[in-house]
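Everything below concerns the one structure shown next.
The values are calculated or read from the model by the stated rules, or taken from the named source; none is laboratory data. Not measured: the values here are computed from a predicted model. Positions of Cβ are generated from backbone atoms using ideal geometry, with glycine treated the same way; all protein chains shown enter the neighbour counts.
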Amino acid sequence: MQHDFARRSNRDRTEATRAHLIAAARKLFTEKSYSETGTPEIVAAAGVTRGALYHHFADKQALFAAVVEQEAAAVAEEIERASPPSLFAHDALIAGSDAYLAAMRAPGRTRLLLLDGPAVLGRAAMDAIDNRHGNRSLREGLVAAMRAQTMTRLPADALTALLASAFDRAALAIEAGASAEDYRAVLMALIDGLSRAPHPAPRPVRTR
């Protein structure tokens, strides 16, 4: 029993230290940027030793990756909360889209996920993180709509990638001061356009 308690206590301390490091790093990365933040600042802000940092993370980049992963997961959670399975597929896509735009307005999130993330981790690593979180939610919503026959059938991966890029561009523009209403209107038009059944091809005119 005492051994179990000790193991739980050690695990709790380990998880708490990791959480403190991620929270401190997130604050500094968003306030100063990744390149302007040093590990001494991070450990001081987290209230841990330098050894504790390197016990949990190989280097500053690995810590940054953990911050980005956590942010991406938080965005996906907001999307999934807003678009439960009880909604019709089309309505879920709209609700999830609105949730994404709202979630990306959290301070520092566009810098972490859309600017520093690709620059620090590389496009392939960032795509992998996105595909585990927000892009996965978007893809599931698109596939559900296609299965419900409320959306034109298209290659799901390509459609997800292109729509996700449009949403990311909208989030960056809104962060820079552009009209959120204008960008939302265009994004909704894209979804509505995909949701309309294609017009049937005209029948050939028979001639005698």
State yes or no: is residue 9 modelled with pLDDT under 95 and within 24 Å of the chain's Cα centre (by Cα)? no
Test for residue 48: is it more than 21 Å from the chain's Cα centre (by Cα), of a type in the set (A, V, I, L, M, F, W, C) and not in a helix (DSSP H, G or I): yes
Search result, residues across segment 88-110 that are surrounded by fewer than 19 Cβ atoms within 10 Å (Cβ to Cβ) and not in a loop (DSSP other than H, G, I, E, B): 90, 91, 95, 98, 101, 102
State all residues of segment 128-185 that are polar (S, T, N, Q), surrounded by 14 or more Cβ atoms within 10 Å (Cβ to Cβ) and under 24 Å from residue 81 (Cβ atoms); if no residue qualifies, say none. 131, 135, 137, 150, 160
Per the filter on segment 80-103, residues farther than 11 Å from residue 137 by Cβ and charged (D, E, K, R) are 91, 98
